[in-house]
Amino acid sequence: MTDLFAKYDVPAPRYTSYPTVPFWTDSPTTEQWLDELNKAFDDEAATWSLYFHLPFCESLCTFCACNTVITRDHRREEGYVDRLSTEWNLYLDRVPGLRKRSLLGLHLGGGTPTFFAAENLERILRPIIENTRVDADRFEASVEVHPGHTTREQLVTLHHLGFTRISIGVQDFDPEVQRLVNRHQPYEVTKSITDIARELGYMSVNYDLIYGLPRQIPGGFAKTVEKTIELRPDRIALYSFARVPWIKPAQRSYKDEDIPVAGEKRALYELARELLEAAGYSEIGMDHFALPHDGIARAQREGTLHRNFQGYTETRTNVLLGLGVSAISETPTCFHQNEKAFPVYERRVREGEIPTFRGHLLTEEDRRLREQILTFMTRFEVELRLEQAEDARAFLDSMFDDQLVEVRDGKLFLTERGRPFLRNACMFFDQRLRQQEQRPRVFSQAL
Ligand SMILES: C[S@@+](CC[C@H](N)C(=O)[O-])C[C@H]1O[C@@H](n2cnc3c(N)ncnc32)[C@H](O)[C@@H]1O
Ligand code: SF4
């Protein structure tokens, strides 16, 4: 297998959307975006979910590829809360469906949402709970936290507002790895926040781990996984370190020789997989694990697993509305992203504008391919259209030879051996990438 890891370790999208963001071409104006959003809500049965991007962090973890604003100045919270409330009101005025259609999901991501004081989190969330139709039976609210910057008071406030899921950033418990990535986080701190969340009644605890970080070695990483198993999160996201130093210069601080190469990196994943499976977790999709009772494990068993900008999820809604700097929204026909530059986002919202940065109006063909990619990413098999079968054989030629994919009864399958190469196989459906002669240097390595 080692040869295969070297052979297929090429830049590849993670396919949290199709078309992937660098290939968005047909950008809507804000008015077109609002039309698409209203069109998605025409259907009385339409459901939606809401994402807030809260970008602040007190210090920079040098591996981080998220859109963040690093500051210790907590006076900045107030202004940002005002911006979010203005943005929300702009949408409420123009999109009646937000009041009428069922809200199924609410997610706070970042950055570090728990940078915000409890009362500011409440100020962000109250107007949402008060102005929307929350479907109490199906509603799920979740928050991403850095355990070193999270208090009991924040978790109490969020729980009162209906939050039952928490995602805790761990990355790696090894102090040497933590030192290299500038993230000091003792085990006890992670344990304490996990215990508090459980005691308060949070029903699902997720841990984020990353494999492929500098100086991660099998012995040390095994300990990280063992400590994780001890604390027994319901769900684990085991992310492949996305190294994109041309976008995130802090990642240049690592020495090349400290970074595990493709085969070594995959070995870290396989090691974690063995330990986690032996402890009762199942592998979900490409980079997640869950205990059998967890919703995402159930969704995989029942064939309802979904994937969106936040990764694998069990709830699929017609609309995902993203608020805050750089937030991405999605309807069946359109993608939309807010301004990524913080001062521009602030200025435009202050001036009463929906801060459209870019987006994409999907063609019929985009929509068909998006469904195929989604099915393949969640089920590892998908029906091919007649004209695709021959093209698949040609495009995935070497993956067929290496027994990573196969075609049977008009379906493309990823074999068990092919599981690490899911992103590579998905590129077959990515007509926008395939048509590009010169590929932009944007994607991290596939493995
Ligand atoms: C918004 S952060 C989570 C919340 C909080 N800020 C924290 O760090 O604990 C989202 C997650 O993205 C993952 N992540 C960030 N940069 C990454 C990268 N370059 N490669 C892989 N995963 C990354 C980390 O696992 C991180 O926990
Ligand atoms: S990993 Fe989390 S805390 Fe660290 S810089 Fe990224 S968003 Fe901030």
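The values are calculated or read from the model by the stated rules, or taken from the named source; none is laboratory data. Since the model is a prediction, treat every value here as computed from it, not as a measurement. Every residue, glycine as well, gets a Cβ built from its backbone with ideal geometry; the counts of neighbours run over all protein chains shown. For accessibility, only protein heavy atoms count, side chains too; no ligands or nucleic acids. Shrake-Rupley method; radii C 1.70, N 1.55, O 1.52, S 1.80 Å.
Filtering Arg232, Arg266 for residues that are charged (D, E, K, R) and buried (at least 19 other Cβ atoms within 10 Å of the Cβ) leaves a single hit, Arg266. For residues that are in contact (Cβ under 8 Å) with a residue 24 or more places away in the chain and not hydrophobic (A, V, I, L, M, F, W, C), scanning just the stretch 373-387, find the one that is surrounded by the most Cβ atoms within 10 Å (Cβ to Cβ). By that ranking, first place goes to Thr378.
Selection within the stretch 61-84: residues that are loosely packed, with under 15 Cβ neighbours inside 10 Å and in contact (Cβ under 8 Å) with a residue 24 or more places away in the chain. The member of this set that is nearest to ligand 1 (Cβ to nearest atom) is His74.
Looking across Gly97, Gly110, one residue alone is in the same structural domain as Trp48 (by TED's automatic domain parsing), under 22 Å from Asn338 (Cβ atoms) and modelled with pLDDT of 95 or more. It is Gly97. Screening the candidates Pro260, Pro292, Pro249 for the property of being open to solvent by 30 Å² or more (accessible area, probe 1.4 Å), in contact (Cβ under 8 Å) with a residue 12 or more places away in the chain and more than 21 Å from the chain's Cα centre (by Cα) yields one hit, Pro292.
Among the listed residues Glu36, Glu78, which satisfies the condition of being touching a helix residue (DSSP H, G or I) at 6+ places or on another chain (Cβ under 9 Å), of a type in the set (D, E, K, R) and over 30 Å from Leu404 (Cβ atoms)?
Glu78
Here Phe116 meets each of (1) open to solvent by 10 Å² or more (accessible area, probe 1.4 Å); (2) within 13 Å of ligand 1 (Cβ to nearest atom) with one exception, condition (1). Taking first residues from the stretch 298-317 that are assigned by TED's automatic domain parsing to the domain that holds Cys66 and partners that are assigned to a loop (DSSP other than H, G, I, E, B) and open to solvent by 20 Å² or more (accessible area, probe 1.4 Å), the Cβ contacts under 6 Å between residues at least 6 apart in sequence or on separate chains come to Ala299/Glu314; His306/Arg316; Phe309/Thr16.
Within the stretch 130-156, residues that are in the same structural domain as Pro113 (by TED's automatic domain parsing) have Cβ atoms under 8 Å from residues that are open to solvent by 60 Å² or more (accessible area, probe 1.4 Å) and more than 16 Å from ligand 1 (Cβ to nearest atom) in these pairs: Asn131/Arg99; Thr132/Arg99; Arg133/Arg99; Arg133/Lys100, counting only partners at least 6 apart in sequence or on another chain. When the residues of the stretch 163-184 are filtered to those that are of a type in the set (Asp, Glu) and more than 14 Å from ligand 2 (Cβ to nearest atom), the one that is nearest to the chain's Cα centre (by Cα) is Asp174.
When Glu257, Glu330 are checked against the criterion of being out of contact with any helix residue (DSSP H, G or I) (no Cβ under 9 Å at 6 or more places or on another chain) and within 30 Å of Gly219 (Cβ to Cβ), Glu257 stands alone in meeting it.
Any residue at all in the stretch 54-72 that is among the hydrophobic types (A, V, I, L, M, F, W, C), part of a helix (DSSP H, G or I) and in the same structural domain as Phe241 (by TED's automatic domain parsing)?
No, every residue in the stretch 54-72 fails to be among the hydrophobic types (A, V, I, L, M, F, W, C), part of a helix (DSSP H, G or I) and in the same structural domain as Phe241 (by TED's automatic domain parsing).
Based on this model, can you work out whether Leu396 counts as modelled with pLDDT of 95 or more and under 19 Å from Asp9 (Cα atoms)? Here the answer is no, as Leu396 does not meet what is asked. If the condition is being among the hydrophobic types (A, V, I, L, M, F, W, C), under 20 Å from the mean Cα position of the chain (by Cα) and near ligand 2 (Cβ under 8 Å from one of its atoms), then the stretch 66-96 contributes only Cys66.
Taking (1) crowded, with 20+ Cβ neighbours inside 10 Å; (2) in contact with an Asp or Glu (Cβ under 6 Å, 6 or more places away or on another chain) in turn, Pro28 satisfies each apart from (2).
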